[in-house]
């Protein structure tokens, strides 16, 4: 499976499951593909997860690891952590 990266923080969905690499904290992730995906955050030590539709205004939505978040095209998640989590992107 091959991830197709538009830039360091955004990804298109090339296959039913992808494993984006996590950058430095706070890590900003943008889903730029079509449709909806679930982003699973596993392991690591996550202190804050925030959601944004515009990449400017962020809303806190959690802090737990082993969580799943539904993303639409162009949505953002900002993940703050002290130990990097694993990310799994799943097509819906």
Could you grab me the full set of residues in the stretch 2-31 that are touching a strand residue (DSSP E or B) at 6+ places or on another chain (Cβ under 8 Å), at pLDDT below 90 and in a loop (DSSP other than H, G, I, E, B)?
-> 3, 9, 13, 14, 15, 16
Of all residues making up the stretch 38-92, the number that are without any contact (Cβ under 8 Å) to a residue 60 or more places away in the chain and assigned to a strand (DSSP E or B) | 30
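Specify which of the listed residues (64, 84) is more than 16 Å from residue 17 (Cα to Cα) and at pLDDT below 95.
64
The values are calculated or read from the model by the stated rules, or taken from the named source; none is laboratory data. These figures come from a predicted structure and were not determined experimentally. Cβ sites come from the backbone with ideal geometry, for glycine too, and all protein chains shown count toward neighbours.
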